[in-house]
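Undergrad: Here's a structure for you.
The values are calculated or read from the model by the stated rules, or taken from the named source; none is laboratory data. As the structure is a prediction and not an experimental result, all values here were calculated from the model. Here the Cβ positions follow ideal geometry from the backbone for every residue, glycine too, while neighbour counts run over all protein chains shown. Side chains included, ligands, DNA and RNA excluded: accessible areas come from the protein's heavy atoms. Shrake-Rupley method; radii C 1.70, N 1.55, O 1.52, S 1.80 Å.
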Amino acid sequence: AAGVIQSPRHLIKEKRETATLKCYPIPRHDTVYWYQQGPGQDPQFLISFYEKMQSDKGSIPDRFSAQQFSDYHSELNMSSLELGDSALYFCASSFGQGTGELFFGEGSRLTVL
Amino acid sequence: GENVEQHPSTLSVQEGDSAVIKCTYSDSASNYFPWYKQELGKRPQLIIDIRSNVGEKKDQRIAVTLNKTAKHFSLHITETQPEDSAVYFCAANGGGFKTIFGAGTRLFVKA
């Protein structure tokens with residue numbers, strides 16, 4: 001069965017650079033979520049989109065932005081990167097509202113040097 | 001907003017023993033409580049979930065209980081096996097598009 005696809009899987013950037021992460025949800029899933037997970041931490045909710053509209057917002061820094069496109073894929077844009085942005089970024093998808101299983105991608109590991 | 005607390009942070013059990021992880025939530029509107037298992041460097045994967053209209057749910061060696069009045073929910077793993085070793089996260093969702101995770105419990109099952 002098709003899963004959530006994230007790219008790139010690994011990314012190394014310098015401070016103050018910009019990074020873009022992509023997420024392709026499971027076919028027919030209309031909701032996408034972004035989570036940030038630091039080492040030994042729980043996944044922190046950043047933002048979600050339902051039917052291409054932002055549906056909820058968590059602890060996403062102002063330096064980050066995201067959107068969901070007409071084909072339901074989503075991109076997380078991160079600018080002015082800081083060392084503290086180094087983390088595993090997970091995208092998850094679901095069908096309909098969030099009161100159901102979230103299917104996570106493999107994650108994108110961002111390292112900021 | 002919702003806040004989920006999870007205990008213990010680390011749990012070590014002997015193979016074959018039971019493991020219990022407890023969580024509390026703050027938002028009385030939360031009505032969906034999933035549990036995710038995450039192995040090192042891997043993605044979180046759902047192992048069991050419970051909705052607010054149910055007090056208990058069981059799936060083979062795994063069970064979850066929910067006390068809405070006390071805003072508590074717990075994960076019970078019986079007959080633990082070494083492959084159960086992982087980080088377990090409880091989570092809560094209040095009907096919106098935001099699932100909030102607990103801090104996680106690192107479970108070690110000693111053979």
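Undergrad: Can you pull out every residue in the range B:6-39 that is over 10 Å from the mean Cα position of the chain (by Cα) and either farther than 26 Å from residue B:110 by Cα or free of Cβ contacts under 8 Å to residues at least 24 places away in the same chain (or both)?
TA: Matches in the range B:6-39: B:24, B:25, B:26, B:27, B:28, B:29, B:30, B:31, B:32.
Undergrad: Looking at residue A:35 and the list (1) closer than 25 Å to residue A:100 by Cα; (2) modelled with pLDDT under 95; (3) within 13 Å of chain B (Cβ to nearest Cβ), which single condition is not satisfied?
TA: Here residue A:35 meets the rest and fails (2).
Undergrad: Considering only residues that are open to solvent by 20 Å² or more (accessible area, probe 1.4 Å) and in contact with a His (Cβ under 8 Å, 6 or more places away or on another chain), which ones fall in the range B:10-60?
TA: If the condition is that a residue be open to solvent by 20 Å² or more (accessible area, probe 1.4 Å) and in contact with a His (Cβ under 8 Å, 6 or more places away or on another chain), then B:18, B:20, B:22, B:24 are the ones that fit.
Undergrad: Mind checking which residues of the range B:29-45 are among the hydrophobic types (A, V, I, L, M, F, W, C), at pLDDT 95 or above and over 18 Å from residue B:95 (Cβ atoms)?
TA: Step one: list which residues in the range B:29-45 are among the hydrophobic types (A, V, I, L, M, F, W, C), which gives B:29, B:33, B:35, B:40.
Checking the rest, the ones that are also at pLDDT 95 or above come to B:33, B:35.
Within the range B:29-45, B:35 is the sole residue that qualifies.
Undergrad: Now, a different point. Only one of A:100, A:96 is open to solvent by less than 40 Å² (accessible area, probe 1.4 Å), touching a residue at least 40 places away in the same chain (Cβ under 8 Å) and part of a loop (DSSP other than H, G, I, E, B); which?
TA: None of the others qualify; the one that does is A:96.
Undergrad: Which of the residues that make up the range A:38-60 are part of a loop (DSSP other than H, G, I, E, B), open to solvent by 40 Å² or more (accessible area, probe 1.4 Å) and either more than 12 Å from every other protein chain (Cβ to nearest Cβ) or closer than 19 Å to residue B:100 by Cα (or both)?
TA: Within the range A:38-60, A:39, A:40, A:41, A:52, A:59 meet the criteria.
Undergrad: One residue is enough: does the range B:79-98 have a residue meeting the conditions away from chain A (no Cβ under 14 Å), surrounded by 15 or more Cβ atoms within 10 Å (Cβ to Cβ) and among the acidic types (Asp, Glu)?
TA: yes
Undergrad: Enumerate the pairs (first residue in the range A:69-93 and surrounded by fewer than 14 Cβ atoms within 10 Å (Cβ to Cβ); second residue anywhere and aliphatic (A, V, I, L, M)) with beta-carbon separation below 7 Å, excluding pairs fewer than 6 apart on the same chain, so at least 6 apart or on different chains.
TA: The qualifying pairs are A:77/A:66; A:82/A:112; A:83/A:112.
Undergrad: Of the conditions (1) more than 13 Å from every other protein chain (Cβ to nearest Cβ); (2) small (Gly, Ala, Ser); (3) buried (at least 20 other Cβ atoms within 10 Å of the Cβ), residue B:63 fails just one. Which one is it?
TA: Every condition holds for residue B:63 apart from (3).
Undergrad: Determine which member of the set B:30, B:26 is touching a Gly at 6+ places or on another chain (Cβ under 7 Å) and closer than 21 Å to residue A:35 by Cβ. If you could, list the steps in order and put the result at the bottom.
TA: Values: B:26 fails: touching a Gly at 6+ places or on another chain (Cβ under 7 Å).
Matching residue, one of B:30, B:26: B:30.
Undergrad: Identify all residues within the range A:22-32 that are away from chain B (no Cβ under 13 Å) and outside any loop (DSSP other than H, G, I, E, B); write none if there are none.
TA: A:22, A:24
Undergrad: Checking the structure you have, find out if any residue of the range A:92-101 is within 11 Å of chain B (Cβ to nearest Cβ), among the hydrophobic types (A, V, I, L, M, F, W, C) and in contact with a Ser or Thr (Cβ under 9 Å, 6 or more places away or on another chain).
TA: Yes, there is a match, as at least one residue in the range A:92-101 is within 11 Å of chain B (Cβ to nearest Cβ), among the hydrophobic types (A, V, I, L, M, F, W, C) and in contact with a Ser or Thr (Cβ under 9 Å, 6 or more places away or on another chain).
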